[in-house]
Each structure stands twice: as C-alpha cells, then as structure tokens.
2 protein chains.
Amino acid sequence: MKYFEDIRVGDTTELGRHTFGAEEIKAFARRFDPQLFHTDETAAERSHFGALCASGWHTAVAWMRLMVAHRRAAAEAARGRGEPVAAIGPALGLRDLQWLKPVYVGDTVAYKTEVIETRISNSRPGFGLMTIRSTGTNQNGEPVIKFESTTFVERRPEKT
Amino acid sequence: MKYFEDIRVGDTTELGRHTFGAEEIKAFARRFDPQLFHTDETAAERSHFGALCASGWHTAVAWMRLMVAHRRAAAEAARGRGEPVAAIGPALGLRDLQWLKPVYVGDTVAYKTEVIETRISNSRPGFGLMTIRSTGTNQNGEPVIKFESTTFVERRPEKT
C-alpha cells in the first residue's frame, strides 16, 4: 500500500476479474444464502431472476478476495523495489452498497476501485482515512455491484 | 413473510445467534478474505486486533443465513395456520454497514432487525419497499455490526 500522503482522489485500480461458475454459486449459497434461486436451477427459472444467479454477498466477497490479492501483490512488488510498504488498517464499513443486476452462471465480473475521499484520522494518529468507490461490471459492460468503503492507511513517518 | 400492509415501522425480529469457531473463521477467510489476522492465530496476536477474529464479511453472511432460515420458518408456520405468505423480492442493497467491534473466536453474536421505513414501490406494482436496520450484538452486549437494507415485499392482493 502507498502511504496516505501519496494517495490522490481520482486514483483508480483494476482489481481483476472473477467468473461465477454454477457449482461455486450453489456451494456459496447453500452455506450462506440458501434461497432457491441461488441453489437450484429449476426453481431459479421459475423465480423473478429467470435463471440461477449468485448471492449478492458472493458478488461482494469475490471483490474482497481480489482486493486482498491485489494488495499483497502490490506490497511484494514495492518490497522488491526496496520501497517501504504502508500499513493498512481495518475497514470501518460500507456506504450505499447496491446490487444493480443479477450475476448469472458464467458471468465474468471485472472489479475496479476509485479513490473518492481522503482525510486525516482524528482517532488514530499516524493514519489517514481513504474512501474508495468499488464497482463490479459484467462482460456486457453492465455494473452489477457498487459500494463505497473507508479504510485506515498509514501516514508517511515524519523524518526526525 | 407478512404482506407489506401488515408491516409497521418499529416491528422487531430476533433472528437467532451464531457462535464463531476458530476453524470456521479460518476456512471462511482462506476462501474469501485471506488476511493473516483472519487465518493465522500467531499473526493475529501481533496485529492491531490482538487475536484471531472473523472477517467482517463473515459476520455479515452469518446474518444472511439466519435471515433466510427465519423467513423460511415463518412462512412454514403461516402455511400451517392456513394463512397466505407474501412474496419477498430481491434486496436492492445496503446502507451504512458498520463493523463496530472485532468478532473473536468463541464470540456469540445475536442478530436482530427493526423496520425503520416502509414505502410503496413506484417501479414494481404490487410490491412495497421495506427498510430494516439489522444489528449483531456479542455476548457482552456490544454491537459488532449494523446496517440498513431495503427489500421488496408483496402487497396484499386487492379483493375483486
């Protein structure tokens, strides 16, 4: 992670893509969101969705997985260049998560983030707060999920 | 589900409890949120959390699972009494999800919902929109997660 001071509103990051397979959709839903339109093809065809589709929570955690992988790769690359890696603190929460379209079997969702706000943390000295807007877009260019999240990011240590 | 007309702002529902075990916390995190403080006890002790704790997404999907089970049980009970069961449509999204405290190994979270807003749907005739505030509270009475979500609920069919 870059230090808080090096993050600019408008910075964008491509996190990567995830393709939602039928078995994965059903396995996630059986465990965490066992509604029939997420677990059973025939029932899904008769539902308002018209076909099997992923739990909205599944679409969200696929983002988390890609975000963790992205941060890890970026940290390793920075260490490889001999650069310091800023710590990233816990997420405070999400604002305005919208599930805009169903994610059907075989859909590929590309996740992207944009920094929309940065501010100093009053509660945690040495950290700033970064708010990003994340969007998942399917292979037809249609947004399927979007939300904003706020995370602590370490500030550049002062030279002494 | 009750028909939209029978839902009142202030209605509360106890969804049940979930205890977060170490193996379950690590299995969820390895799959969806592989940060070390969710997957490795020793690394977690050295982190800002101080001990292994559940992914925030895990705390959220535990709510979803209890919500689905609650709705299913309520629908079966209504059918058993010979009452109609209103359809519930897709969730539109979440507002203001906050992770307020870490959920550590062995914590038991009780989830509760309260209806905070109801309004007629302009886009889907025959349905209303219900917004609920959901809260998860640990065994010490501390809220660990809260968020608001909006869902379509079927209106009572007009008598003809």
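Taken together, the values in this text are just the output of simple stated rules run on the coordinates, not laboratory data. Being a predicted model, the structure only gives us computed values, none of them experimental. Ideal geometry is used to build each Cβ from the backbone, glycine not excepted, and the neighbour counts take in all protein chains shown.
Using Cα atoms only, what is the angle between the long axis of helix A:22-32 and the major principal axis of chain A, expressed in degrees (0 to 90) to the nearest 10?
70 degrees
Any number yet on Rg/Rh for segment B:64-115, C-alpha, Kirkwood? Walk me through the numbers before you get to the answer.
Working: Rg = 15.1 Å, Rh = 14.1 Å.
Across segment B:64-115, the Cα-based Rg/Rh ratio is 1.07.
Above 24 angstrom, tally the Cα pairs of the protein assembly as shown and express them as a % of all pairs, no decimals.
On the way: 29246 of 51040 pairs.
Everything past 24 Å amounts to 57 percent.
List nothing, just return the count: lysine pairs in the protein assembly as shown, 8 or more apart or interchain, with Cα separation under 23 Å.
Going through the protein assembly as shown pair by pair, I get 16.
Going by alpha carbons, how many degrees (0 to 90, nearest 10) lie between the helix axis of A:56-80 and the longest principal axis of chain A?
30 degrees
How large, in Å, is segment B:36-101 by the Kirkwood hydrodynamic radius built from its alpha-carbon pairs? Display every interim value, and only then the final one.
Values: mean 1/r = 0.0664 Å⁻¹.
So the Kirkwood estimate lands at 15.1 Å.
At 25 °C and a viscosity of 0.890 mPa s, what translational diffusion coefficient does Stokes-Einstein give for chain A, taking Rh as the Kirkwood radius over Cα pairs? Give it in µm²/s as a whole number. Walk me through the numbers before you get to the answer.
On the way: Rh = 17.2 Å.
This corresponds to a translational diffusion coefficient of 143 µm²/s.
For chain B, set up a GNM with springs between Cα atoms under 10 Å and report which of B:Gly106, B:Gly141, B:Gly16 has the largest fluctuation.
Result: B:Gly141 has the largest fluctuation of those listed.
Please compute P(r) over all alpha-carbon pairs of segment A:99-156, binned at 10 Å starting from zero, and give each bin as a whole-number percent.
23, 36, 21, 16, 3
Can you compute the modelled spin-label distance between B:Ala43 and B:Ala77, with each label point 7 Å from Cα toward Cβ, in nm?
Placing both labels 7 Å beyond Cα along the Cβ direction yields 4.3 nm.
So what is the relative contact order for segment B:70-157, in percent, with contacts set as C-alpha pairs under 8 Å and at least six apart?
35 percent
Relative to the present Cα-Cα distance, how much length would full extension add between B:Glu158 and B:Ile120 at 0.36 nm per residue of separation? Numbers along the way, then the final one.
On the way: separation 38, 0.36 × 38 = 13.68 nm, distance 1.47 nm.
Contour length minus the Cα-Cα distance gives 12.2 nm.
Take B:Ile88, B:Ile25, A:Ile120, A:Ile132 and order them by how many other Cβ atoms sit within 10 Å, fewest up front. Intermediate values should be presented prior to the final figure.
On the way: B:Ile88 18, B:Ile25 24, A:Ile120 11, A:Ile132 21.
Ascending number of Cβ neighbours within 10 Å: A:Ile120, B:Ile88, A:Ile132, B:Ile25.
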